[in-house]
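I have placed the structure first, in the form of structure tokens, so that the comments after it can refer back to it.
Coordinate-derived values only; no laboratory data. Here the structure is a predicted model, which means the values were calculated and not measured. Cβ placement follows ideal geometry from the backbone for every residue including glycine, while neighbour counts extend to all protein chains displayed.
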Amino acid sequence: MADNENLEDDAIVSAGLEDQISRCQISNIKEENSLTHPAPARLMNTTWCQCANCISLPTKMESVCCKEIEKVKGELEGRACITEHPLFKLFCQNEEIVNIVLRIIHRFPPPAAEKNRYLRQVCYRAFSAWIHGYRGEGDEKPIPACVVHKVRNAFPSLQNVFTGFRFTGDPPAEYMAWE
């Protein structure tokens with residue numbers, strides 16, 4: 001929806017009509033477009049997915065496809081999904097590499113019963129660092145649903161219970177694997 005709004009503004013500006021159309025008229029165009037083309041619901045379905053690898057997640061914030069994130073688009077290089085990228089496969093699917101990274105950032109081994117939870121957190125941290133670089137506290141960016149899906153399949157939960165996205169006030173992604 002936000003992309004459509006930006007495109008409308010760009011089209012108006014590029015056509016040289018900005019001075020001729022008032023803000024009220026622009027607002028009416030946006031409102032009319034939102035009524036005729038409503039944003040697809042993101043809960044309990046994956047109709048919003050553009051890569052064919054996303055799963056349904058419990059919140060609208062988490063329900064995002066890799067192709068909707070600008071920084072991910074630059075890494076796709078003709079691939080259908082970011083999960084097909086060699087770096088994703090290396091740092092988020094290769095258990096030996098993920099275990100090494102886990103040992104690097106931890107001073108103690110994780111409890112055996114929770115090892116996959118720690119491995120998932122390392123994968124999310126690696127993905128976040130790769131795509132977004134360093135992010136401080138309060139700069140939360142959800143992991144695309146396709147990435148969550150592939151990581152959960154690689155390192156499943158014994159009880160099939162997952163934490164999900166964390167909001168402001170929680171530690172940034174860089175510290176997730178330190179818990």
**Message:** With a cap of 13 neighbouring Cβ atoms within 10 Å, and only residues DSSP puts in a loop, list the chymotrypsin sites (Phe, Trp or Tyr not before Pro) found in segment 111-149.
**Reply:** Y134
**Computed label-point distance, nm, for sites R103 and Q50 using a 7 Å Cα→Cβ extension** = 4.0 nm
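Too long at a 28 Å Cα-Cα cut-off: which of K67/K115; K73/K115; K89/K115?
Values: K67/K115 30 Å; K73/K115 31 Å; K89/K115 19 Å.
Over 28 Å apart, Cα to Cα: K67/K115; K73/K115.
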**Request:** Using per-residue counts of other Cβ atoms within 10 Å, averaged over each peptide, order 139-152, 52-65, 70-83 from highest down.
**Result:** 139-152, 52-65, 70-83
**Prompt:** So what J values fall out for segment 49-58 if you push phi through Karplus, 6.51 cos²θ - 1.76 cosθ + 1.60 with θ = phi - 60°, rounded to Hz, Gly and Pro as x?
**Reply:** 5, 10, 10, 6, 10, 6, 10, 6, 10, x
**Asked** Quick one: if you stick a label point 7 Å off each Cα along the C-beta vector at L76 and A41, how many nm between them?
**Response** 2.7 nm
**Message:** Using each residue's phi in segment 95-102, evaluate 6.51 cos²θ - 1.76 cosθ + 1.60 at θ = phi - 60° and report the 3J(HN,Hα) Karplus result to the nearest Hz, with x for Gly and Pro.
**Reply:** 4, 4, 5, 4, 5, 5, 4, 4
**Prompt:** Out of residues 5 or more away from R42 or on other chains, whose amide H comes under 5 Å of its own, with H placed 1.01 Å from N in the peptide plane?
**Reply:** none
**Prompt:** Can you work out ³J(HN,Hα) from phi for every residue in segment 73-78, in order, using Karplus 6.51 cos²θ - 1.76 cosθ + 1.60 and θ = phi - 60°, giving whole Hz and x for Gly and Pro?
**Reply:** 3, x, 9, 5, 6, x
